[in-house]
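A short write-up of the structure that comes next.
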Amino acid sequence: MNNVKICPCPTEAVTYVAAIEKATFSDPWSEDSLLGMTDSVFYHLLCATEDGEVCGYLAASSVAGENEILRIAVSDSHRRRGIGASLLDSFIKERAEEGDSEFFLEVRASNAPAIGLYTSRGFEVCGKRANYYRCPTEDAVLMRCSVSPMTDE
Ligand SMILES: CC(C)(COP(=O)(O)OP(=O)(O)OC[C@H]1O[C@@H](n2cnc3c(N)ncnc32)[C@H](O)[C@@H]1OP(=O)(O)O)[C@@H](O)C(=O)NCCC(=O)NCCS
């Protein structure tokens, strides 16, 4: 983890994020969609780099103080080294410093690594959407995390 850095994804790194996205998900977002997130008030795209190589990313939306984690992925060869946790912690800290306190997400019920990650960062199950996902059809587990805003007042 020593050489891992988390930062807002620069436009020139989006192509590497898109490659991880494509290798990870059955319904990958296009490079253009990801690019649009780098220049948006509502969307956030953070990337993790190790020695300059993009090895993970987090995509989220923020509307009216409520944040939704939309995607998080770490390349196969970099997993289980705390990078997913660092991405999530960085995003939550960044938003809490802006005064936000609520974080939500949906995850496939069978995705034990992701549920393990979210639980380890303080998310709790708050609901279920039956048959929400396709290819394959699967329930979504809804998770929520509340933190104290970190604004100086
Ligand atoms: C989920 C994912 C992002 C986790 O990233 P990661 O960098 O490997 O996670 P971390 O090393 O930060 O793990 C933090 C904690 O999460 C949990 N966790 C991570 N991987 C796990 C696994 N395979 N099984 C069980 N728990 C796991 C553990 O509690 C872990 O802490 P520990 O290593 O001290 O036990 C990664 O597995 C991934 O990219 N998966 C494919 C994409 C995906 O499913 N994304 C979520 C839906 S958008």
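Residue selection: G116 satisfies the criterion of being loosely packed, with under 15 Cβ neighbours inside 10 Å, over 19 Å from W29 (Cα atoms) and within 7 Å of the ligand (Cβ to nearest atom). Residue count for segment 122-146 under the criterion of being surrounded by 15 or more Cβ atoms within 10 Å (Cβ to Cβ) and either touching a residue at least 40 places away in the same chain (Cβ under 8 Å) or closer than 24 Å to S86 by Cβ (or both): the result is 7. Residue selection: F103 satisfies the criterion of being modelled with pLDDT of 95 or more, in contact with an Asp or Glu (Cβ under 8 Å, 6 or more places away or on another chain) and buried (at least 16 other Cβ atoms within 10 Å of the Cβ).
For segment 119-137, the set of residues classified as more than 13 Å from the ligand (Cβ to nearest atom), part of a loop (DSSP other than H, G, I, E, B) and among the basic types (K, R) consists of R134 only.
Total residues in segment 77-92 satisfying the condition of being near the ligand (Cβ under 8 Å from one of its atoms) and over 12 Å from R121 (Cα atoms): the figure is 5. Of everything listed in (1) among the basic types (K, R); (2) more than 8 Å from the ligand (Cβ to nearest atom); (3) under 25 Å from S26 (Cβ atoms), the single unmet condition for R108 is (2).
The values are calculated or read from the model by the stated rules, or taken from the named source; none is laboratory data. None of the values given here were measured: they were computed from a predicted structure. Virtual Cβ from ideal backbone geometry, glycine too; neighbours counted across all protein chains shown.
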